[in-house]
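Presented below is the structure to which this report refers.
The values are calculated or read from the model by the stated rules, or taken from the named source; none is laboratory data. Being a predicted model, the structure only gives us computed values, none of them experimental. Don't worry about glycine lacking a Cβ; one is built from the backbone with ideal geometry, like all the others, and counts go over all protein chains shown. Areas reflect the complete protein model, heavy atoms only, side chains present, ligands, DNA and RNA absent. Shrake-Rupley method; radii C 1.70, N 1.55, O 1.52, S 1.80 Å.
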Amino acid sequence: MRRFLSALAFFALLIALWQALYDLKIWSPVLLPSPVQVVRYLQGAIVDQTLLHSTIITMRRLLTGYFFGIVVGLPLGLLTARWTLLRDTLGTTALGLQTLPSVCWVPLALLWFGQTEAAMLFVVIMGTLWSVIIATDTGVRHVPPIYPRAALTMGSKRLHIWLKVILPASLPFIVSGMKQGWAFAWRSLMAAEIYVTILTGFGLGQLLHFGREQQAMEQVIGIMIVIVLIGLLVDKTLFSPIERFLHRRWGTSQ
Amino acid sequence: MFRPKTGSVTQELELVAPSKLSIDNVSKSFHTATGNVLALDRVSLNVNEGEFVCLVGPSGCGKTTLLNIIAGLEKPDSGTVLTDGKPVTGPGRDRLVMFQESALFPWLNAFGNVLFPLKLKPNLSNKDRRDVAKYYLELVGLTRFERANIHELSGGMKQRVALARALAPNPRVLLMDEPFAALDALTREQFYGDLQTIWKERKKTIVFVTHNVREACCLGDRVLLFSPNPGRIQEEFHVDLPRPREMNTSELATYAARIMRSLKQQAATTT
Ligand SMILES: Nc1ncnc2c1ncn2[C@@H]1O[C@H](COP(=O)(O)OP(=O)(O)O)[C@@H](O)[C@H]1O
Ligand SMILES: [Mg+2]
């Protein structure tokens, strides 16, 4: 409760500072709208449901692509950890492509898929996939050999060992890879949405882009705040609980 | 004591006959960076049903290798290992290992670790499995800590969970590789009494590796002294002392002194 109150006080102070800067009129109101204007824009966007629709469209792209990235990346990571040939080929490829900022996939996706949902999905998958492959591969190779050996003596066999020993044992690595994949995917999707207009649905990135085109700064800032809030929400509701569980179980410090 | 009620659990907890181990002419060498190491050189050894045998000797004399071969985790270059007349071809639930480090799974709590081998046993309901796990956690005195995460347990408690996990599938043979080596003296002494009680209660054939001669005399019906390079059984000692044995008795000290003498001679001749 105390932490919540101090956080609340901090943000109130931040907004007050913003209002004060607005009142001083150093910048034109076109460049720096007041907090009230931003809230009014957000209110309008909530009432006419544009915000809801855009959020749903963006999240649908993100979650679908992320899901495929993990579903494909996890087994591939297990395979590269298991077979040297795959590690030397696919593993090295993944390592290389992971260093490529995922925004760089956008032009290629546009040329391959045109201005379609597939292009968006492709960008998100490319953001997720390589991180997940590498993290899984690293995680599996860090599993102490004594765990599978112990499992063997207890009657565990190949597939069971993979699912019930090696996979959970490498979970701390896999989760941090998933988190990184999420961050990459989220960033590249925003870039892609700002960069290209896709007529099948306007995501949050597109609202941001329209805000700029109409010089509607309150829209730009309002959408930015929404994007930040979504990022925070995902971190607090999805990753934080998993990480807390891992830290508690493994006894690693936060 | 926790008393499971259903018939299937009682059946699961029933004593199984301990195995007889016949190890015949087992050799094993490893290729290392410094050349070939003959870890075991034609080692032969019989362990009777329900016998407690201790293997002692300096490090590198092949004790762990022999244990791994009995466990089926490694294959000998030559020679055979039989349990009750049947050749060992791989790991099996009838021979469970308690490793030097606890090898407990950090992603499961204490209870989950003991449950792990039971989940691999067919013909048990989940309720039965939980009851059996509870029984063994109580047997090692850790009921209060069943929900504990592994890192929250002390070294001694970890090894207790490991013991419960090894006992849970009701094996015929228990293979223990220096299980108390990392524990402090006080915790270890507590274990000696408990292990003897559990051994008497659960009737297992136990092969116990240690480099602590007194520990070997306290626990073993028989103590086998290994010598290194190449790994061989050098000498065999029968410990005819009543049980339960106390660690600090003069009789035990006499046995230990005899074995220590042989160990010192060995060290003198090999260097
Ligand atoms: N996997 C292995 N690879 C190479 N050398 C090994 C391996 N396992 C054991 N050795 C060697 O075999 C010898 C016996 O080892 P070990 O059975 O562990 O001895 P102990 O348990 O008695 O200390 C040692 O010289 C050791 O270095
Ligand atoms: Mg050893």
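Key figures for this structure:
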item: Residue in segment B:62-73 that is over 15 Å from the mean Cα position of the chain (by Cα), open to solvent by 20 Å² or more (accessible area, probe 1.4 Å) and either over 17 Å from B:GLN100 (Cα atoms) or within 12 Å of ligand 1 (Cβ to nearest atom) (or both) present; result: no
item: Close pairs from segment B:195-224: first under 15 Å from B:ALA253 (Cβ atoms), partner within 16 Å of ligand 2 (Cβ to nearest atom) and small (Gly, Ala, Ser), Cβ under 7 Å, at least 6 apart; result: B:VAL223/B:ALA216
item: Residue within segment A:129-138 that is under 21 Å from the mean Cα position of the chain (by Cα) and within 12 Å of another protein chain (Cβ to nearest Cβ) present; result: no
item: Flag if A:PHE184 is in a helix (DSSP H, G or I), touching a Ser or Thr at 6+ places or on another chain (Cβ under 9 Å) and aromatic (Phe, Trp, Tyr); result: yes
item: Residue ID - modelled with the highest pLDDT, chosen from residues in segment A:159-205 that are polar (S, T, N, Q) and buried (at least 21 other Cβ atoms within 10 Å of the Cβ); result: A:SER170
item: Test: residue in segment A:110-126 that is acidic (Asp, Glu), more than 30 Å from B:ASN113 (Cα to Cα) and touching a residue at least 24 places away in the same chain (Cβ under 8 Å); result: yes
item: Cβ pairs under 9 Å, 6+ apart, first in segment B:51-80 and within 16 Å of ligand 2 (Cβ to nearest atom), second open to solvent by 40 Å² or more (accessible area, probe 1.4 Å) and basic (Lys, Arg); result: B:CYS61/B:ARG232; B:GLY62/B:ARG232; B:ASN68/A:ARG149; B:ILE69/B:LYS75; B:ALA71/A:ARG149; B:LEU73/A:ARG149
item: Every residue from segment B:225-271 that is assigned to a strand (DSSP E or B) and open to solvent by 30 Å² or more (accessible area, probe 1.4 Å); result: B:ARG232, B:ILE233, B:GLN234, B:GLU235, B:GLU236, B:HIS238
item: Candidate set from segment A:227-237 (those that are free of Cβ contacts under 8 Å to residues at least 40 places away in the same chain and under 18 Å from A:THR58 (Cβ atoms)); member that is surrounded by the most Cβ atoms within 10 Å (Cβ to Cβ); result: A:ILE227
item: Criterion (surrounded by 19 or more Cβ atoms within 10 Å (Cβ to Cβ), in a helix (DSSP H, G or I) and within 14 Å of chain B (Cβ to nearest Cβ)) met by exactly one of A:ARG244, A:ARG249; result: A:ARG249
item: Test result for B:SER19, buried (at least 17 other Cβ atoms within 10 Å of the Cβ) and of a type in the set (Gly, Ala, Ser); result: yes
item: Residue satisfying condition, being open to solvent by 50 Å² or more (accessible area, probe 1.4 Å) and part of a helix (DSSP H, G or I), within set A:LEU5, A:LEU51, A:LEU42, A:LEU31; result: A:LEU5
item: Residue among B:GLU215, B:GLU178, B:GLU201 that alone is within 16 Å of ligand 2 (Cβ to nearest atom), more than 14 Å from chain A (Cβ to nearest Cβ) and either open to solvent by less than 10 Å² (accessible area, probe 1.4 Å) or closer than 30 Å to B:SER22 by Cα (or both); result: B:GLU215
item: Positions within segment A:141-185 being among the polar types (S, T, N, Q) and at the interface with chain B (Cβ under 10 Å from one of its Cβ atoms), in sequence order; result: A:THR153, A:SER156, A:SER170
item: B:PRO171 being within 14 Å of chain A (Cβ to nearest Cβ), open to solvent by less than 10 Å² (accessible area, probe 1.4 Å), within 23 Å of B:ARG243 (Cβ to Cβ) and modelled with pLDDT of 95 or more; result: yes
item: In segment B:77-101, residue nearest to ligand 1 (Cβ to nearest atom) [restricted to those that are open to solvent by 40 Å² or more (accessible area, probe 1.4 Å) and of a type outside the set (D, E, K, R)]; result: B:GLN100
item: Residues within segment B:30-61 that are surrounded by fewer than 17 Cβ atoms within 10 Å (Cβ to Cβ) and within 8 Å of ligand 1 (Cβ to nearest atom), tallied; result: 6
